[in-house]
Amino acid sequence: MNLKELRAKNKLTQAEFGSALGVSGKSIYLIEAGKMKLSKKLSARIAEVYGEVIEPAERKARKAMAAAEKKADKAAGDAAQAVLDTEEKVERGKRRAKAKVQADKPAAEAVAEAVAAPAEAVAEAMAAPVEAIREKKTRKRAAAPKLVIQSPFGGEITPEEISARIGQADAVYIRVDQNKAYWVRGEETGDIDLWE
C-alpha cells in the first residue's frame with residue numbers, strides 16, 4: 001500500500017493526514033506526487049498511527065525492478081530454449097528427409113526410366129506429324145497472295161513499294177481516302193502521298 005491509498009482508505013484530506021502524522025499537508029502532497037521522499041521517521045510514524053507499513057518509493061521501485069528483471073531473464077531464457085528446440089527439430093527433419101531421399105533414390109530412378117521410355121517413343125511418333133504441319137504452314141506462307149492497295153480514284157500500290165519509299169519505320173498507317181501513308185520511326189513521324 002502507498003501513502004495515497006492509505007489516506008484514501010481513511011477518508012482524509014492531505015492536510016488532515018499530515019496533521020495526524022505531525023507534518024504539513026504540503027509534505028503529504030509532495031510525497032504522493034513523487035517530488036519528495038518518504039523518510040524512515042515518517043514511515044515509522046505511519047506504522048505507529050495507522051498500523052500500516054509504507055515502504056519508501058525507491059525501495060518499492062527497486063523491488064519492482066528486480067522482479068521485472070527476473071521475469072525478463074526467465075522470458076529470455078525460455079525464448080532461447082525454444083529457438084534451440086526448434087533448430088534441433090529442423091535438423092532432425094533434415095536428416096530424416098535426406099535419409100528418405102537416399103532410400104527412395106533407386107526406386108525414383110527406376111520410375112523415371114520407366115516413364116522416360118514411353119515419353120521418348122511418343123515424342124518420336126509426334127515429330128513426323130509436327131514437321132509435316134510446319135512444312136504445310138511454310139508452303140501456305142510462301143503461296144500467300146500479293147497485297148495490293150487500290151486508290152478509290154484509280155492507281156495501285158503494294159506494301160513493298162510503300163516500304164521502299166518510306167524506309168525503316170516502327171509503324172505505317174494507310175489512309176486511302178486521304179491518299180496518305182503516315183509513318184512513325186522512334187520519336188520522328190511523317191507522311192507520303194500514295195499516288196502522285
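Observations on the model:
- 5 angstrom amide H check on residue 149, placed H, neighbours 5+ away: 157, 158
- 4 °C / 1.567 mPa s Stokes-Einstein diffusion coefficient of the stretch 3-55, Kirkwood radius on C-alpha pairs, µm²/s: 120
- Long-range Cα-Cα pairs in the stretch 1-103 (distance over 17 Å), rounded percent: 65
- Other-chain or far-sequence residues with amide H under 5 Å of residue 180's (modelled H): 175, 194
- Taking the inverse of the mean reciprocal distance over all distinct Cα pairs, the Kirkwood hydrodynamic radius of the stretch 149-193 comes to 10.9 Å.
- Label positions at residue 184 and residue 10, each projected 7 Å from the Cα along the C-beta direction, are separated by 9.2 nm.
Where a number appears in this text, it was derived from the coordinates with a stated rule and is not lab data. Quick caveat: nothing in here was measured; it's all calculated off a predicted structure. Glycine gets a Cβ as well: all are built from the backbone with ideal geometry, and neighbour counts include every protein chain shown.
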